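The values are calculated or read from the model by the stated rules, or taken from the named source; none is laboratory data. Note that the coordinates shown come from a computational prediction; the quantities given were computed from them, not determined experimentally. Virtual Cβ from ideal backbone geometry, glycine too; neighbours counted across all protein chains shown.
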Amino acid sequence: MTSIDAPQAQSDTGIAPAVPQRPRPADVIGAYVGLTKPRIIELLLITTVPAMFLAADGVPPLLLVLWTMIGGCLAAGSANVFNCVLDRDIDQRMRRTRRRALPRHMVGTRAATIFGLILGVAATLVLGLAVNWLSAVLALGANAFYVFVYTMWLKRRTTQNIVWGGIAGCFPPLIGWTAVTGELAWAPFVLFAIVFFWTPPHTWALAMRYREDYAAADVPMLPVVMAAPKVAVRILAYSVVTVLVSLALWPIAGTGPLYPIVAAVAGVVFLVEAVNLWRRAREGKLDAALKPMRLFHWSNSYVALVFAAAAIDPLIF
């Protein structure tokens, strides 16, 4: 017979088992927001809005900028949600990502999929009705490329996954430009190319830092299957091309002197960091001493400075 003084809920050790608590509404909302990867969305907006200023040769209509930003956020959020759904097994195995909503079971797979669909439909309607349908189609195409080509096909199959899969992240300048002009031109394709060549060194630097994570998840990122010195050489090569392409915007878009000065100075720092990473890798430094995150963090600053200069230049000259 059970004693009145010893509740049945207690374990053999005399300690009552923890009672699962329902997550707070704020935690659930935070989990859904986390699925959209807000930091990636910030980076996409950095390459969208400056393209609008460049296309307008000054300040574009602010309401148009607002609708483009809203539609762009929804579109990018949708693609990122689907990425989280499809990569939930990878995220579970990687220390860097195992705290995301799906591995923690804060959000169910079905609920996340529906959320991603809602965001995608909303993005298409917002861009199509409030901006123009060319921008909406470009955003939809970027999402499809990211989900079906990069996430479902390239990411788990080839070391070139981020090179070609990164094309999806190059669409925001095209979307920003067409939002203002309603048509494409050479200048936004130069901006597209800057992001295209910038993506591999940016991502490979991060992958060098988390190489063991990617290896544990069986994702063939280049630093997983190739020695650090060889990866660093490729990072340096792509960095050189990125800087050269960024300078091509000056004659093609007819910018004033501010843009090429900022692009050149920021590019020199970018290349110095890439050379230093290559030198440390060649000397056989340990992973911690390689300091690949220095290049990663500067690459974020680099792209922000270059695109900010592209936006500010037409306001001055």
Test: P220 is assigned to a loop (DSSP other than H, G, I, E, B), within 22 Å of N83 (Cβ to Cβ), touching a residue at least 40 places away in the same chain (Cβ under 8 Å) and touching a Ser or Thr at 6+ places or on another chain (Cβ under 9 Å): yes
Residues located in the stretch 239-281, provided they are touching a helix residue (DSSP H, G or I) at 6+ places or on another chain (Cβ under 6 Å) and basic (K, R): R280
Residue in the stretch 252-274 that is part of a helix (DSSP H, G or I), under 27 Å from L154 (Cα atoms) and modelled with pLDDT of 95 or more present: yes
